[in-house]
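The values are calculated or read from the model by the stated rules, or taken from the named source; none is laboratory data. All values reported here derive from a predicted model rather than from experimental measurement. Positions of Cβ are backbone-derived with ideal geometry, glycine not excepted, and every protein chain shown enters the neighbour counts.
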């Protein structure tokens, strides 16, 4: 996939990371670690576009399941991806992914079948490569929409999507807490199993970048997590601006 202006994925990434001032914040972590709620709140606090990259894989999984696709069937996924069209619609400060001209409804994204299968689809290297350019393109989307920056959350943002992001955070929590959070949301999910699949996949595994700030959210409230991230970003951004 080549972005507008005939730049390759790598060239586009280098270009947008050099343009300043503009905030690019990467938030990674396992399922129910607090990534989404935290990132949304930070986006509100700092006037950023919020991008849930996990929704890309969920939306594609939902569309593929509707087509009856088995991700393990030889050639099936590649044929599906060749017809895949992705674009972004901005809803407030949320970047909503649309698949083949359709925005997948939130209840479809969090359906039990999607929860069970999303890690299988997301583990496929060809799928991850097919969405990489669109994920990186969200910086340009945020700029064009007038935001002060963008916060992207997922499992490989700081390691693969934006390895040069100036701000990286990795959220984690113990299994019991994360299972309780999912149950509280009324969702059926197999968190330990999904984590294992995400960590062990060959392509862009779930990992904490060496230069990321780790935050254990097990005993922290949402305002406490948000305050820590916002304080770190503001302090570092002000320090860089005073050079």
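General observations
Residues are listed down the side, and each one gets a yes or a no for (1) outside any helix (DSSP H, G or I); (2) more than 23 Å from residue 104 (Cβ to Cβ); (3) out of contact with any helix residue (DSSP H, G or I) (no Cβ under 6 Å at 6 or more places or on another chain); (4) modelled with pLDDT under 50:
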position	(1), (2), (3), (4)
5	yes, yes, yes, yes
17	no, yes, yes, yes
27	yes, no, no, no
36	no, no, yes, no
41	no, yes, no, no
45	no, yes, no, no
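- Residue match in the stretch 209-219 (condition: surrounded by fewer than 19 Cβ atoms within 10 Å (Cβ to Cβ), modelled with pLDDT under 95 and farther than 19 Å from residue 40 by Cα): no
- Scanning the stretch 24-39 for residues that are within 17 Å of residue 138 (Cβ to Cβ) and surrounded by 20 or more Cβ atoms within 10 Å (Cβ to Cβ) turns up 24, 25, 26, 27, 28, 35, 39.
- Pairs, first free of Cβ contacts under 8 Å to residues at least 12 places away in the same chain in the stretch 74-94, second surrounded by 15 or more Cβ atoms within 10 Å (Cβ to Cβ), C-beta under 6 Å, six or more apart: 76/69
- Test for residue 55: is it part of a helix (DSSP H, G or I), modelled with pLDDT under 95 and closer than 19 Å to residue 162 by Cβ: yes
- Selected residue [on the phi < 0 side of the Ramachandran plot and surrounded by fewer than 18 Cβ atoms within 10 Å (Cβ to Cβ)] from 143, 136, 124, 128: 143
- 3 or more residues in contact with a strand residue (DSSP E or B) (Cβ under 9 Å, 6 or more places away or on another chain) and under 18 Å from residue 58 (Cβ atoms): qualifying helices (runs of 4 or more DSSP H) within the stretch 69-185: 125-136
- The stretch 192-208 - residue that is part of a helix (DSSP H, G or I) and surrounded by 19 or more Cβ atoms within 10 Å (Cβ to Cβ) and, of those, nearest to the chain's Cα centre (by Cα): 198
- Any chance residue 133 is farther than 26 Å from residue 32 by Cβ and at pLDDT 95 or above: no
- Condition broken by residue 49, with the remaining ones in (1) closer than 28 Å to residue 228 by Cβ; (2) in contact with a helix residue (DSSP H, G or I) (Cβ under 7 Å, 6 or more places away or on another chain); (3) part of a loop (DSSP other than H, G, I, E, B) satisfied: (3)
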